[in-house]
């Protein structure tokens, strides 16, 4: 995948829900910058070369192709919901089902959430 700059979105993760009504977004862009939003307040941060490489490696994990597009426990209350857009697909999860490749990607992207 060629790096084209800040307009190329490698992955977008939106986190919503929870007891307090969270609405946060992380966008990893092709130039290594990370756009974050917390209830509409944007900020741009920069990954190091090592962080960018790690995130791209996680995105390239072949196991992500086997992750179901929707894994939400509809009986659970106040759970965070994660919507990820990458490689031309959208995946939604509340992390109630074990998906190691997706969990690693969510954990790595969560480090960039506002307030961390």
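Some notes on this structure:
- Selection within the range 88-116: residues that are in contact with a helix residue (DSSP H, G or I) (Cβ under 8 Å, 6 or more places away or on another chain) and part of a loop (DSSP other than H, G, I, E, B). The member of this set that is modelled with the lowest pLDDT is 116.
- Screening 85, 81 for residues that are surrounded by 12 or more Cβ atoms within 10 Å (Cβ to Cβ), at pLDDT below 95 and assigned to a strand (DSSP E or B) leaves exactly one candidate, 81.
- On the stretch given as the range 57-71, residues that are over 13 Å from residue 12 (Cα atoms) and surrounded by 17 or more Cβ atoms within 10 Å (Cβ to Cβ) total 4.
- Here 15, 26 are screened, and the one residue that is surrounded by 12 or more Cβ atoms within 10 Å (Cβ to Cβ) and in contact with a helix residue (DSSP H, G or I) (Cβ under 7 Å, 6 or more places away or on another chain) is 26.
The values are calculated or read from the model by the stated rules, or taken from the named source; none is laboratory data. Computed from a prediction, not measured in an experiment: that's the story for all the values here. No Cβ is skipped: glycine too gets one built from the backbone with ideal geometry, and neighbour counts run over all protein chains shown.
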